[in-house]
1. Please work out which residue is nearest to the chain's Cα centre (by Cα), limiting yourself to segment B:194-233 and to residues that are of a type in the set (Ser, Thr, Tyr) and not in a helix (DSSP H, G or I).
2. Look through segment D:135-145, keep the residues that are in a loop (DSSP other than H, G, I, E, B) and more than 9 Å from chain A (Cβ to nearest Cβ), and return whichever of them is nearest to residue D:207 (Cα to Cα).
3. Can you go through B:85, B:130 and tell me which one is assigned to a loop (DSSP other than H, G, I, E, B), within 10 Å of chain C (Cβ to nearest Cβ) and among the aliphatic types (A, V, I, L, M)?
4. Is it the case, given these coordinates, that residue B:90 is at the interface with chain C (Cβ under 10 Å from one of its Cβ atoms) and either at pLDDT 95 or above or out of contact with any helix residue (DSSP H, G or I) (no Cβ under 8 Å at 6 or more places or on another chain) (or both)?
5. Within segment B:106-114, is even one residue within 13 Å of chain C (Cβ to nearest Cβ) and in contact with a helix residue (DSSP H, G or I) (Cβ under 8 Å, 6 or more places away or on another chain)?
6. Would you point out which residue out of C:146, C:80, C:121 is modelled with pLDDT under 95 and in contact with a helix residue (DSSP H, G or I) (Cβ under 9 Å, 6 or more places away or on another chain)?
7. Scan (1) in contact with a Ser or Thr (Cβ under 9 Å, 6 or more places away or on another chain); (2) surrounded by fewer than 17 Cβ atoms within 10 Å (Cβ to Cβ); (3) of a type outside the set (Gly, Ala, Ser) for the single condition residue A:63 breaks and write down its number.
4 protein chains.
Amino acid sequence: MSKSDDYEAELARLQLALIGMQKKAIAEGWQILAVFEGRDAAGKDGAISRITEHLDRRQTIAVALPKPSDRERSEWYFQRYVEWLPACGEAVLFNRSWYNRAGVEKVMGFSTPQQQEQFLRDVPAFEKMLVENGMRYAKFWLDITRETQAERLKARSADPLKAFKISPLDAVAQEKWDDYTDARDDMLTRTSTTEAPWICVRADHKKAARLNIIRWLLHASGDKTLLKGVAQPDPEVIFPFDVAALTDGRLAR
Amino acid sequence: MSKSDDYEAELARLQLALIGMQKKAIAEGWQILAVFEGRDAAGKDGAISRITEHLDRRQTIAVALPKPSDRERSEWYFQRYVEWLPACGEAVLFNRSWYNRAGVEKVMGFSTPQQQEQFLRDVPAFEKMLVENGMRYAKFWLDITRETQAERLKARSADPLKAFKISPLDAVAQEKWDDYTDARDDMLTRTSTTEAPWICVRADHKKAARLNIIRWLLHASGDKTLLKGVAQPDPEVIFPFDVAALTDGRLAR
Amino acid sequence: MSKSDDYEAELARLQLALIGMQKKAIAEGWQILAVFEGRDAAGKDGAISRITEHLDRRQTIAVALPKPSDRERSEWYFQRYVEWLPACGEAVLFNRSWYNRAGVEKVMGFSTPQQQEQFLRDVPAFEKMLVENGMRYAKFWLDITRETQAERLKARSADPLKAFKISPLDAVAQEKWDDYTDARDDMLTRTSTTEAPWICVRADHKKAARLNIIRWLLHASGDKTLLKGVAQPDPEVIFPFDVAALTDGRLAR
Amino acid sequence: MSKSDDYEAELARLQLALIGMQKKAIAEGWQILAVFEGRDAAGKDGAISRITEHLDRRQTIAVALPKPSDRERSEWYFQRYVEWLPACGEAVLFNRSWYNRAGVEKVMGFSTPQQQEQFLRDVPAFEKMLVENGMRYAKFWLDITRETQAERLKARSADPLKAFKISPLDAVAQEKWDDYTDARDDMLTRTSTTEAPWICVRADHKKAARLNIIRWLLHASGDKTLLKGVAQPDPEVIFPFDVAALTDGRLAR
């Protein structure tokens, strides 16, 4: 059996476990929330689409918010995100999220340092509140090397079907690699909490990353019966947050 | 080259044209709205996912509403759908829609005959208003034979990954086939208008159906430059609404 | 007994009848909707506050929408209003409404003639839909003479407590009196329908106008038992829409 | 000059200062938020209506939410309130608020002790976040004696115009007076913070209470220029939170 067949078989097993998770969520009124952050081209879209592929379309929402309207910009920062939080039985996956404020906004100067600092102080309290009120919450940081990113951005720009994945910010991603690294380290360090730890995923290998993300999502649901027959996340590929390991943008063993 | 390769190549061509469409929509402020209706297992999910696959995630929404809340049930019937209509630059695809009232609700008695009758009188005026205000609107009816449906429902029930596609209503779909046919004929006849004609798609062959749906969606955008190099929809597979052809549930040539 | 005592006594009687109306609305699931339009300074605010004064605060909403956000401006025109339509048991009163498009927007050129024309074609269909779906709907036009308006605007500008009632458009109200008259006549003529007739109220005498508005609102609820002991609306002061009578801005007998 | 004239004159002065406050709010993008809590019949409605009387109707909202829908009940507790938070330039006044969970829900058992405990832990963090993000926030507790409440509830039940102010919970308000006292003490003690202190207002004298509430609201805006010519809040009538003074339900001097 080829490597690719292995992947497909394992993906199917994990997707079945996700189905089991959602059935429990519906039966017992869980609210499931996941946030996907990471470098440009780290594989957020692909991971989300594997997770949602076989879930209930009427109770699963992948949220990728457009730019805020003028009214939204004049509201409390979290307000437009709160509107999308899951009700009981629902699963909501944010493709980028409130963490924009600590990432792209910081690197590009789209908000003030005061706003970014305030955000970093708010987010642990905000997420703690959600978790203590019963939300089953997982937040993922997908990490890739500079080389991987360069390759993927180049491949994208050569593929006309990926036109909407290309943005003027792509060039910046490479150029300001170190600024993004600094922003990431600051964000991960200050917002990884007991209630809402960052799950950092090495995503240079897309398929391995996807499998590990699903495994961690199942773990984060907090229900051990869902993990029967599910392999432990591969420590080569995924690990609990370790800032030292991330500092230079290359994930240590 | 195999048939399957042909399909992939043509799909890619059409998806490129969809990207062109969305670029125009963003540049010129089009609002794009599409509604997907059809028998259970007719292929709505698959068609939608091919359309959205490469579109801009932040300006494309596939809407599959859950059951209405108690408050929504006490509002004007269209209210909870109106909330999701596209702003300029956006594309919204409804996976089932307000037409529930004329389909499943009629067959299953989930609303009163008076409500269903009122709906059939309202919908042409409602859609006319949207279209005359500039919305680019396409509504698709995906039609399959009773045998195709039986096969697909059977295949689903054998596939644990399709657990969320199975519902207690599936058995009813076959059992009440003729009631659904009557409801469909009534709905199509009364709600196909100059401004918002039904596009009926023979969907027994999934791949052919998907290609034809995308072709029609491009046509419905009203911009001929988008159709350059796009094949005419296959008349064997897709055709303008013809009630006589549909009456017995088998699409006539 | 003084005239003022008469007014207070009659107002209390009518407010009691409104309480009766809302109790029925809650018990039987009515949706109550009223729209208040009219010249600047015609008395819309005062009329609305007398109607809502003793109603249930949790099921009565007076809606005075601010300028649309940039997103709202790019949506279907009616969308931001639809969001506020009443659920069963609720009463919603619009202080100015979608009719802005046919009034201030026309006179001031805030939208295109095409948009205004489209609006005038849409509104009868839109309101018909609401009414046929069971909404109990009344729309009021409060009319005053040019002299009354001049006096009231002058009094406002002398009263610092009315600072928020003053706008740069006030001067225009007098200056473009005839343009507003033309817009009004066009709007009333084209949007007064069997399902949703305009109720035109002579509002030069505030107190008489308020009493008559409440009487008409009770009539519009369609429940005759609510009208027991309620005087007929005074034909001197209030009358069914008659375009001839309104043409020169002075209400004919 | 009579006492009543004094009240009217002072109310007008304070309402003028509120107009000044809102003009600043609009010019400088303040978000103004006020919460009104207190015993049944403590005078919340009356206070709110004096505050809003001359403010800009399009940027001022008095929010009195109905019972949550079934969907809202299954969301994060604060979610349906967050939707109503003020944008820049707006003033939002909650007539009862999220504090229901610590008051009526506790006394009547409408939620679980765990939910109530969680709420008391969440609210300081939630409000701190709003305030640190720039919201100008004031929360008022209106306190009356048991005798005052008894009189007012009796007067209400004799006045048919107050039908919607009467509820089955009124009898309970007197009967469970001590339970409400305990709930209040617990709530005030645990949720009065540096960022969001409770402003406790003796409200046995309605007019004095209203004047003091407005004075405190102006103070809470944080802009001293608005306080020119505004009398200090009367220490006999209004005072910073002092749990000892409140313990037996009679406000100490």
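The values are calculated or read from the model by the stated rules, or taken from the named source; none is laboratory data. On a predicted model such as this, the values are computed, not experimentally measured, just so you know. Glycine also receives a Cβ, built like all others from the backbone with ideal geometry; neighbour counts cover every protein chain displayed.
1. First pass over segment B:194-233, keeping only residues of a type in the set (Ser, Thr, Tyr): B:194, B:221, B:225.
Among the residues that remain, those that are also not in a helix (DSSP H, G or I) are: B:194, B:221.
Numbers: B:194: 17, B:221: 15 Å.
Only one residue tops the list, namely B:221.
2. Of the residues in segment D:135-145, the ones in a loop (DSSP other than H, G, I, E, B) are D:135, D:144-145.
Adding the requirement that they be more than 9 Å from chain A (Cβ to nearest Cβ) leaves D:144-145.
Details: D:144: 13, D:145: 16 Å.
This residue is D:144.
3. On the way: B:130 fails: assigned to a loop (DSSP other than H, G, I, E, B).
From the options B:85, B:130, the qualifying one is B:85.
4. yes
5. Taking segment B:106-114 first, the residues within 13 Å of chain C (Cβ to nearest Cβ) are B:111-112, B:114.
So of that shortlist, the ones also in contact with a helix residue (DSSP H, G or I) (Cβ under 8 Å, 6 or more places away or on another chain) come out as B:111.
Checked segment B:106-114: at least one residue is within 13 Å of chain C (Cβ to nearest Cβ) and in contact with a helix residue (DSSP H, G or I) (Cβ under 8 Å, 6 or more places away or on another chain).
6. C:146 is the lone residue from the list that is modelled with pLDDT under 95 and in contact with a helix residue (DSSP H, G or I) (Cβ under 9 Å, 6 or more places away or on another chain).
7. (2)
Quick grid of which residues meet (1) within 14 Å of chain D (Cβ to nearest Cβ); (2) more than 30 Å from residue C:135 (Cβ to Cβ); (3) crowded, with 16+ Cβ neighbours inside 10 Å; (4) touching a helix residue (DSSP H, G or I) at 6+ places or on another chain (Cβ under 9 Å):
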{"position": "C:152", "(1), (2), (3), (4)": "no, yes, yes, no"}
{"position": "C:169", "(1), (2), (3), (4)": "yes, yes, no, yes"}
{"position": "C:178", "(1), (2), (3), (4)": "no, yes, no, no"}
{"position": "C:193", "(1), (2), (3), (4)": "no, no, no, yes"}
{"position": "C:199", "(1), (2), (3), (4)": "no, no, yes, yes"}
